[in-house]
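S.K.: Sharing a structure below in structure tokens format, with a few things to ask.
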Amino acid sequence: MILDRLERHDPRLYQIGALAALLFYGMAFLDFDVSVGRAALLLGSVLVAQLVWSGLYGLPSVEIRSALISGLSLCLLLRTNSALLAVVAASVTIASKFLLRWNGKHVFNPTNFGLVAMMVATDRVWVSPGQWGTAAFFGFLVACVGFLVVRRAARSDVTLAFLAFYAFLIVARSLALGEPIAIPLHRLQSGALLLFAFFMISDPKTTPDSRPGRIFFAILVATGAAFVQFRLFRTNGLLWSLALLSFLVPVLDRVLPGLRYRWASPSVGAPFFPKGARHEPVPSTSFARIGPLPPRTACPPVLRVLRGEGGRKAL
């Protein structure tokens, strides 16, 4: 019953609460390298950018929840000594949601794109995985698992597939090199890894629509992240891998079509139908706009009885 009640609410509210609690705990007790002023600047910038772009596109409402998730993620990961670059990063993050779209979906996870774009553009922006400590890591892990429970099977598959395969690669490499098991376990106890797995790669607006496509995508991202980290010897392999492989999502949607996710029904990922539209499954690769149906003509009473629609009253 509790799950049913939670499921009626937008799971993004839980996500905002978990990220906000982590940010508060990190700033208050773990000396996160982000000030109250910088956090307020990032959050204010994403909200203003969301408002501006929503107005430019003539949207009837402003997705404040989505903007807050991006802003809180930037507070946890983005580091720069320039307030101007922080504002630019927030603006680029939100702009990508509106400008970089394909078939009604975001091409990139907005936060991922904002971070990678800024790191490519300037060396004055970097990503901090954070020294969270054991208590913060396990506390956030519990919150992340709770997020999966709230969302149930909506996009849990891509998160679990990514974590399982990435952990397999990390542990297998250490065993092949003869490293003690404590080393790969320490690598996996990263707050940034949890943030990436539960709140970034699992973004329903940027992952493949079908379950086979999501699992295959998760394996590709995990492999790419390990390659960037251990073969190219670059940091932030998770972010680079997701940004590059996001170009494959439209291909996976074409090869392995599925039903489009909508926030209004997060537990099943059912497609969205405007009021008055025909309620038939529409594959993710469809480019047709779903519009109102023309008025239905009156059906003869006999046919209604044969269809089981009217009973005695139909006669």
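The values are calculated or read from the model by the stated rules, or taken from the named source; none is laboratory data. Note that the structure is a prediction, hence the values are computed from the model and not measured. Counting neighbours? That spans all protein chains shown, and the Cβs are built from the backbone with ideal geometry, glycine included.
S.K.: Out of (1) of a type in the set (Val, Ile, Thr); (2) in contact (Cβ under 8 Å) with a residue 12 or more places away in the chain; (3) more than 17 Å from LYS205 (Cβ to Cβ), the odd one out for ILE94 is which?
M.R.: Here ILE94 meets the rest and fails (3).
S.K.: Which residue is surrounded by the most Cβ atoms within 10 Å (Cβ to Cβ), if the candidates are limited to the range 101-114 and must be in a loop (DSSP other than H, G, I, E, B) and out of contact with any Pro (no Cβ under 9 Å at 6 or more places or on another chain)?
M.R.: Per the criteria, the residue is ASN109.
S.K.: Can I ask one more? Do we have any residue at all in the range 45-56 that's of a type in the set (Phe, Trp, Tyr) and at pLDDT below 95?
M.R.: No, the conditions are met nowhere in the range 45-56.
S.K.: Still on this structure, I have one more. So which residues in the range 152-195 are farther than 16 Å from PHE217 by Cα and hydroxyl-bearing (Ser, Thr, Tyr)?
M.R.: SER174, SER190 - these are the residues of the range 152-195 that are farther than 16 Å from PHE217 by Cα and hydroxyl-bearing (Ser, Thr, Tyr).
S.K.: Return the pair list, or none, for Cβ contacts closer than 9 Å from residues in the range 164-188 that are on the phi < 0 side of the Ramachandran plot and surrounded by fewer than 12 Cβ atoms within 10 Å (Cβ to Cβ) to residues that are among the hydroxyl-bearing types (Ser, Thr, Tyr) and assigned to a helix (DSSP H, G or I), at least 6 apart or on different chains.
M.R.: That search, which allows pairs on different chains as well, returns PRO180/SER174; ILE181/SER174.
S.K.: From the list ALA90, ALA121, ALA83, ALA117, exactly one residue is more than 18 Å from LEU245 (Cα to Cα) and crowded, with 18+ Cβ neighbours inside 10 Å. Which is it?
M.R.: When all the criteria are applied, what remains is ALA90.
S.K.: Given the condition surrounded by fewer than 19 Cβ atoms within 10 Å (Cβ to Cβ), over 22 Å from the mean Cα position of the chain (by Cα) and within 25 Å of GLY133 (Cα to Cα), answer yes or no: does some residue in the range 14-27 qualify?
M.R.: Yes - at least one qualifying residue is present in the range 14-27.
S.K.: Is it the case, given these coordinates, that PHE199 is more than 26 Å from LEU74 (Cβ to Cβ) and of a type in the set (Phe, Trp, Tyr)?
M.R.: Considered against the rule, which asks whether it is more than 26 Å from LEU74 (Cβ to Cβ) and of a type in the set (Phe, Trp, Tyr), PHE199 comes out as no.
S.K.: On to the next question. Filter the range 26-56 down to residues that are among the hydrophobic types (A, V, I, L, M, F, W, C) and outside any helix (DSSP H, G or I), then give me how many there are.
M.R.: 3
S.K.: Residues in the range 228-239: is at least one surrounded by 23 or more Cβ atoms within 10 Å (Cβ to Cβ) and of a type in the set (Ser, Thr, Tyr)?
M.R.: Here is the first cut: in the range 228-239, the residues surrounded by 23 or more Cβ atoms within 10 Å (Cβ to Cβ) are 238-239.
Of the ones still in play, those that are also of a type in the set (Ser, Thr, Tyr) are none.
No: zero hits.
S.K.: Provide a single number: the residues in the range 30-58 that are of a type outside the set (Ser, Thr, Tyr) and under 15 Å from SER128 (Cα atoms).
M.R.: 7
S.K.: Examine the range 233-242 for a residue that is in a loop (DSSP other than H, G, I, E, B), closer than 22 Å to GLY104 by Cβ and among the basic types (Lys, Arg), and state whether such a residue exists.
M.R.: There is no residue in the range 233-242 that is in a loop (DSSP other than H, G, I, E, B), closer than 22 Å to GLY104 by Cβ and among the basic types (Lys, Arg).
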